[in-house]
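One structure is given here, and the rest of the page talks about it.
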Amino acid sequence: MSFSVLVVDDSKAMRGFIRRVMDLSGFEYSQCLEAGNGQEALDLLDLEPVDVILTDINMPEMNGEEFLRHLEEDEEFRMIPVLVVSTDATENRIREMMSIGAKGYLTKPFVPEDLRGQLERLVGVDHG
Amino acid sequence: MADQIEQDQVNQTIAEAACDVVETMFFTSIVEENEPPDPAASAAGLATKVEFRGEPAGAFRVRLLHPVASAMAGVFLSADEEELSDDQINGVMGELTNMIAGAALSRLDPKGKFRLQSPESMTELAVPAGKRVGSCSLPLECGWLHVDLWVE
(Lines give C-alpha, C1' and ligand atoms only; values in the text may rest on other atoms or scores of the structure.)
Protein backbone atom coordinates (compact mmCIF):
# COMPACT_ATOMS: atom_id res chain seq x y z
CA MET A 1 0.00 0.00 0.00
CA SER A 2 1.41 3.46 -0.82
CA PHE A 3 0.45 6.85 0.54
CA SER A 4 0.00 10.43 -0.57
CA VAL A 5 2.31 12.81 1.31
CA LEU A 6 2.31 16.60 1.68
CA VAL A 7 5.62 18.26 2.67
CA VAL A 8 5.34 21.81 3.98
CA ASP A 9 8.61 23.74 4.35
CA ASP A 10 9.74 27.15 3.12
CA SER A 11 13.08 25.66 2.04
CA LYS A 12 12.90 24.10 -1.41
CA ALA A 13 16.20 22.35 -0.66
CA MET A 14 14.72 20.76 2.46
CA ARG A 15 11.55 19.66 0.69
CA GLY A 16 13.67 17.89 -1.92
CA PHE A 17 15.86 16.39 0.78
CA ILE A 18 12.85 14.96 2.61
CA ARG A 19 11.57 13.45 -0.62
CA ARG A 20 14.93 11.79 -1.26
CA VAL A 21 15.16 10.54 2.31
CA MET A 22 11.71 8.98 1.95
CA ASP A 23 13.03 7.23 -1.17
CA LEU A 24 16.17 6.10 0.65
CA SER A 25 14.22 4.83 3.62
CA GLY A 26 11.92 2.69 1.49
CA PHE A 27 8.74 4.39 2.62
CA GLU A 28 6.17 3.71 -0.07
CA TYR A 29 4.38 6.80 -1.29
CA SER A 30 2.27 7.30 -4.40
CA GLN A 31 2.79 11.05 -4.59
CA CYS A 32 4.67 13.76 -2.74
CA LEU A 33 3.08 17.21 -2.85
CA GLU A 34 5.02 20.27 -1.72
CA ALA A 35 4.07 23.63 -0.24
CA GLY A 36 6.22 26.55 0.89
CA ASN A 37 4.05 27.61 3.83
CA GLY A 38 0.86 26.81 5.66
CA GLN A 39 -1.41 28.82 3.37
CA GLU A 40 -0.08 27.12 0.24
CA ALA A 41 -0.60 23.80 1.99
CA LEU A 42 -4.23 24.60 2.82
CA ASP A 43 -4.83 25.63 -0.78
CA LEU A 44 -3.36 22.30 -1.97
CA LEU A 45 -5.45 20.30 0.49
CA ASP A 46 -8.61 21.83 -0.98
CA LEU A 47 -7.66 20.19 -4.28
CA GLU A 48 -5.91 16.96 -3.37
CA PRO A 49 -6.48 14.43 -0.60
CA VAL A 50 -3.37 13.34 1.29
CA ASP A 51 -2.71 10.63 3.85
CA VAL A 52 -0.05 12.35 5.93
CA ILE A 53 1.44 15.84 6.29
CA LEU A 54 4.99 16.77 7.23
CA THR A 55 5.42 20.36 8.30
CA ASP A 56 8.15 22.71 9.42
CA ILE A 57 7.36 25.33 12.07
CA ASN A 58 9.09 28.57 11.08
CA MET A 59 7.65 29.61 7.73
CA PRO A 60 6.57 32.95 6.26
CA GLU A 61 2.94 33.92 5.61
CA MET A 62 1.54 31.07 7.74
CA ASN A 63 3.81 29.21 10.15
CA GLY A 64 3.48 25.65 11.39
CA GLU A 65 1.48 26.47 14.50
CA GLU A 66 -1.11 28.49 12.58
CA PHE A 67 -1.28 25.80 9.92
CA LEU A 68 -1.94 23.12 12.53
CA ARG A 69 -4.66 25.21 14.16
CA HIS A 70 -6.37 25.67 10.78
CA LEU A 71 -6.23 21.91 10.18
CA GLU A 72 -7.78 21.22 13.57
CA GLU A 73 -10.65 23.59 12.82
CA ASP A 74 -11.63 21.65 9.70
CA GLU A 75 -13.65 18.46 10.13
CA GLU A 76 -11.96 16.74 7.22
CA PHE A 77 -8.41 18.05 7.57
CA ARG A 78 -8.15 17.29 11.27
CA MET A 79 -8.23 13.57 10.42
CA ILE A 80 -4.97 13.81 8.50
CA PRO A 81 -2.02 12.93 10.76
CA VAL A 82 0.65 15.63 10.97
CA LEU A 83 4.35 15.04 11.60
CA VAL A 84 6.26 18.15 12.62
CA VAL A 85 9.82 18.21 11.25
CA SER A 86 11.84 20.94 12.95
CA THR A 87 15.26 22.00 14.19
CA ASP A 88 13.67 23.02 17.49
CA ALA A 89 14.14 20.16 19.96
CA THR A 90 13.17 22.06 23.10
CA GLU A 91 10.60 20.53 25.44
CA ASN A 92 8.36 23.58 25.23
CA ARG A 93 8.10 23.49 21.46
CA ILE A 94 7.47 19.77 21.24
CA ARG A 95 4.78 19.98 23.91
CA GLU A 96 3.20 22.97 22.21
CA MET A 97 2.95 21.38 18.78
CA MET A 98 1.62 18.10 20.14
CA SER A 99 -0.99 19.97 22.15
CA ILE A 100 -2.17 21.83 19.04
CA GLY A 101 -2.70 18.54 17.25
CA ALA A 102 0.52 17.14 15.81
CA LYS A 103 0.70 13.35 15.97
CA GLY A 104 4.47 13.14 15.75
CA TYR A 105 7.58 15.27 16.07
CA LEU A 106 10.89 14.66 14.30
CA THR A 107 13.86 16.89 15.01
CA LYS A 108 16.49 17.79 12.44
CA PRO A 109 18.98 16.29 11.90
CA PHE A 110 17.31 12.93 11.37
CA VAL A 111 18.25 9.60 9.80
CA PRO A 112 16.10 7.95 7.12
CA GLU A 113 15.02 5.15 9.44
CA ASP A 114 13.55 7.62 11.93
CA LEU A 115 11.58 9.40 9.24
CA ARG A 116 10.22 6.14 7.87
CA GLY A 117 9.36 4.88 11.35
CA GLN A 118 7.39 8.00 12.19
CA LEU A 119 5.58 8.06 8.84
CA GLU A 120 4.61 4.40 9.02
CA ARG A 121 3.36 4.84 12.56
CA LEU A 122 1.20 7.77 11.48
CA VAL A 123 -0.32 6.06 8.45
CA GLY A 124 -0.87 2.83 10.34
CA VAL A 125 1.62 0.50 8.68
CA ASP A 126 1.89 -2.50 10.94
CA HIS A 127 5.15 -4.42 11.11
CA GLY A 128 3.86 -6.68 13.84
CA MET B 1 38.25 30.64 35.27
CA ALA B 2 34.52 29.96 35.49
CA ASP B 3 33.97 32.14 32.43
CA GLN B 4 36.53 30.11 30.49
CA ILE B 5 34.92 26.81 31.49
CA GLU B 6 31.53 28.12 30.42
CA GLN B 7 33.03 29.37 27.14
CA ASP B 8 34.56 25.94 26.54
CA GLN B 9 31.23 24.26 27.25
CA VAL B 10 29.41 26.55 24.82
CA ASN B 11 32.05 25.93 22.16
CA GLN B 12 31.83 22.18 22.71
CA THR B 13 28.03 22.24 22.45
CA ILE B 14 28.13 24.21 19.21
CA ALA B 15 30.69 21.78 17.81
CA GLU B 16 28.58 18.75 18.77
CA ALA B 17 25.50 20.25 17.17
CA ALA B 18 27.37 21.11 13.98
CA CYS B 19 28.93 17.64 13.82
CA ASP B 20 25.54 16.02 14.20
CA VAL B 21 24.09 18.10 11.38
CA VAL B 22 26.90 17.62 8.86
CA GLU B 23 27.30 13.92 9.54
CA THR B 24 23.57 13.10 9.54
CA MET B 25 22.15 15.41 6.88
CA PHE B 26 25.18 16.04 4.68
CA PHE B 27 26.76 12.57 5.00
CA THR B 28 30.07 14.31 5.60
CA SER B 29 32.69 13.13 8.03
CA ILE B 30 34.82 15.15 10.39
CA VAL B 31 38.51 14.52 9.68
CA GLU B 32 41.62 14.87 11.79
CA GLU B 33 43.36 18.22 11.48
CA ASN B 34 45.86 19.84 13.77
CA GLU B 35 45.38 23.56 13.32
CA PRO B 36 42.40 25.31 11.81
CA PRO B 37 42.98 28.14 9.37
CA ASP B 38 42.57 31.59 10.86
CA PRO B 39 38.79 32.07 10.86
CA ALA B 40 39.23 35.83 10.86
CA ALA B 41 41.20 35.81 7.64
CA SER B 42 39.24 37.04 4.68
CA ALA B 43 38.81 34.65 1.80
CA ALA B 44 36.51 33.95 -1.10
CA GLY B 45 33.90 32.49 1.16
CA LEU B 46 30.22 32.37 1.96
CA ALA B 47 28.65 33.49 5.19
CA THR B 48 25.09 32.89 6.33
CA LYS B 49 23.40 34.23 9.44
CA VAL B 50 20.34 33.00 11.31
CA GLU B 51 19.02 35.31 14.00
CA PHE B 52 16.93 34.02 16.87
CA ARG B 53 14.47 35.65 19.26
CA GLY B 54 14.20 34.58 22.85
CA GLU B 55 16.00 35.02 26.13
CA PRO B 56 18.64 35.82 25.09
CA ALA B 57 18.29 36.84 21.45
CA GLY B 58 21.21 36.56 19.09
CA ALA B 59 22.50 35.01 15.91
CA PHE B 60 24.49 32.13 14.51
CA ARG B 61 26.86 32.67 11.64
CA VAL B 62 28.27 29.90 9.48
CA ARG B 63 31.23 30.59 7.21
CA LEU B 64 32.95 28.35 4.68
CA LEU B 65 34.85 28.67 1.43
CA HIS B 66 32.89 28.53 -1.81
CA PRO B 67 34.23 25.13 -2.93
CA VAL B 68 33.25 23.66 0.45
CA ALA B 69 29.77 25.17 0.16
CA SER B 70 29.40 23.80 -3.37
CA ALA B 71 30.47 20.34 -2.30
CA MET B 72 28.05 20.28 0.61
CA ALA B 73 25.22 21.65 -1.51
CA GLY B 74 25.88 18.97 -4.11
CA VAL B 75 25.54 16.28 -1.47
CA PHE B 76 22.41 17.78 0.07
CA LEU B 77 20.69 18.27 -3.27
CA SER B 78 22.05 15.02 -4.70
CA ALA B 79 23.27 17.00 -7.69
CA ASP B 80 26.48 17.74 -9.57
CA GLU B 81 28.10 20.59 -7.65
CA GLU B 82 29.51 22.00 -10.90
CA GLU B 83 25.99 22.63 -12.14
CA LEU B 84 24.53 24.31 -9.08
CA SER B 85 23.41 27.92 -9.20
CA ASP B 86 24.39 30.47 -6.57
CA ASP B 87 20.78 30.51 -5.42
CA GLN B 88 20.81 26.77 -4.87
CA ILE B 89 24.10 26.91 -2.94
CA ASN B 90 22.88 29.82 -0.83
CA GLY B 91 19.63 27.97 -0.16
CA VAL B 92 21.48 24.96 1.16
CA MET B 93 23.80 27.15 3.24
CA GLY B 94 20.71 28.71 4.75
CA GLU B 95 19.36 25.32 5.66
CA LEU B 96 22.73 24.22 7.09
CA THR B 97 22.90 27.33 9.27
CA ASN B 98 19.27 26.90 10.30
CA MET B 99 19.84 23.32 11.41
CA ILE B 100 23.06 24.07 13.30
CA ALA B 101 21.38 26.99 15.06
CA GLY B 102 18.34 24.95 16.08
CA ALA B 103 20.41 21.96 17.21
CA ALA B 104 22.81 24.12 19.20
CA LEU B 105 20.13 26.21 20.90
CA SER B 106 18.14 23.09 21.79
CA ARG B 107 21.25 21.66 23.45
CA LEU B 108 22.27 24.88 25.19
CA ASP B 109 18.84 25.41 26.74
CA PRO B 110 16.53 22.40 26.29
CA LYS B 111 13.86 23.98 28.50
CA GLY B 112 14.10 27.38 26.83
CA LYS B 113 12.10 29.02 24.08
CA PHE B 114 13.50 30.50 20.91
CA ARG B 115 12.27 31.44 17.48
CA LEU B 116 14.62 31.19 14.55
CA GLN B 117 14.37 33.82 11.84
CA SER B 118 14.94 33.19 8.14
CA PRO B 119 18.54 32.63 7.06
CA GLU B 120 20.34 35.57 5.46
CA SER B 121 23.43 35.61 3.30
CA MET B 122 26.00 38.12 4.46
CA THR B 123 29.44 39.27 3.47
CA GLU B 124 32.08 37.15 5.13
CA LEU B 125 33.54 40.06 7.07
CA ALA B 126 30.22 41.33 8.44
CA VAL B 127 29.40 40.43 12.03
CA PRO B 128 26.01 40.15 13.74
CA ALA B 129 25.06 42.53 16.54
CA GLY B 130 25.97 41.70 20.11
CA LYS B 131 28.81 39.82 21.75
CA ARG B 132 30.36 36.67 20.38
CA VAL B 133 30.01 34.00 23.05
CA GLY B 134 30.91 30.82 21.25
CA SER B 135 32.57 29.42 18.15
CA CYS B 136 33.94 26.28 16.59
CA SER B 137 35.86 25.28 13.49
CA LEU B 138 35.27 21.81 12.08
CA PRO B 139 37.55 20.10 9.58
CA LEU B 140 35.32 18.35 7.07
CA GLU B 141 36.40 16.06 4.27
CA CYS B 142 35.80 18.91 1.82
CA GLY B 143 37.21 21.76 3.93
CA TRP B 144 36.63 23.88 7.03
CA LEU B 145 33.29 24.90 8.52
CA HIS B 146 33.26 27.83 10.97
CA VAL B 147 30.35 28.52 13.31
CA ASP B 148 29.98 31.52 15.61
CA LEU B 149 27.31 32.43 18.16
CA TRP B 150 26.47 36.01 19.10
CA VAL B 151 24.04 37.09 21.82
CA GLU B 152 22.59 40.56 22.32
Shape call, chain A: gyration tensor on alpha carbons, a/c limit 1.5: rounded
Semi-axes of chain B's equivalent ellipsoid from the Cα gyration tensor, sqrt of 5 times each eigenvalue, largest first, rounded to whole Å? 24, 17, 15
Compute a Gaussian network model of chain B, connecting alpha carbons closer than 10 Å, and tell me which residue from B:77, B:96, B:46 fluctuates the most. B:77
Occluded residues from the range A:96-128, i.e. those whose accessible area drops by 50 Å² or more once the chain is not alone (1.4 Å probe): A:109
Expected 222 nm ellipticity per residue - DSSP helices of 4 or more, -39500 (n - 2.57), all of chain B, to 500: -13500 deg cm²/dmol
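Averaged over all directions, how much area does the convex hull of the C-alpha atoms of the protein assembly as shown cover when projected, in nm²? Present the calculation step by step, with values, prior to reporting the outcome.
Numbers: hull surface 64.2 nm².
With the hull built on Cα positions only, its mean projection is 16.0 nm².
How much area per residue is accessible in chain B when the probe is 1.4 Å and only protein heavy atoms are counted (Å²)?
Details: 7510 Å² over 152 residues.
With the other protein chains kept in place, chain B gives 49 Å² per residue.
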FRET E, pair residue A:23, residue A:66, Förster distance 35 Å, beta-carbon r, rounded to 0.05: 0.70
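Please give the total accessible area that chains A and B bury against each other, computed with a 1.4 Å probe and expressed in Å² to the nearest 100. Can you show the working numbers first?
On the way: alone 6770 and 8430 Å², together 13290 Å².
Separately minus together, A and B give about 1900 Å² buried.
How much accessible area per residue does the range A:32-112 have, counting only protein heavy atoms and a probe of 1.4 Å, in square angstrom?
Values: 3420 Å² over 81 residues.
On a per-residue basis, 42 Å².
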I need the peptides A:36-44, A:4-12 ranked by packing, meaning the mean over residues of other C-beta atoms within 10 angstrom, with the highest value on top. A:4-12, A:36-44
Separation between Cα centres of the range A:1-61 and the range B:81-152, rounded to whole Å: 25 Å
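Counting alpha carbon pairs within less than 8 Å and at least 6 residues apart, what relative contact order, in whole percent, applies to chain B? Please report the intermediate quantities before stating the final value.
Working: 265 pairs, mean separation 56.0, N = 152.
Taking the mean separation of contacting Cα pairs over the length of chain B, I get 37 percent.
If each residue of separation counts as 0.36 nm, what is the full-extension length gain between residue B:53 and residue B:83 once their alpha-carbon separation is subtracted?
Numbers: separation 30, 0.36 × 30 = 10.80 nm, distance 3.59 nm.
Stretched fully, the residue B:53-residue B:83 segment lengthens by 7.2 nm.
Relative contact order, percent, of chain A when contacts are C-alpha pairs under 8 Å separated by at least 6 residues? Walk me through the numbers on the way to the answer.
Values: 212 pairs, mean separation 32.4, N = 128.
Normalised by residue count, the contact order of chain A is 25 percent.
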Got a number for carbon plus sulfur as a percent of the range B:20-152's accessible area, 1.4 Å probe? 48 percent
If a paramagnetic tag sat 7 Å from the Cα of residue A:92 along the Cα-Cβ line, which residues of the range B:110-152 would have the backbone N under 12 Å from that point? B:110-116
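The values are calculated or read from the model by the stated rules, or taken from the named source; none is laboratory data. A quick note: this is a predicted structure, and the numbers were derived from the prediction, not measured. In this analysis, Cβ positions are derived from the backbone assuming ideal geometry, glycine residues included, and neighbour counts consider all displayed protein chains. Accessible surface is based on the protein model in full, side chains and every heavy atom, while ligands, DNA and RNA are left aside. Shrake-Rupley method; radii C 1.70, N 1.55, O 1.52, S 1.80 Å.
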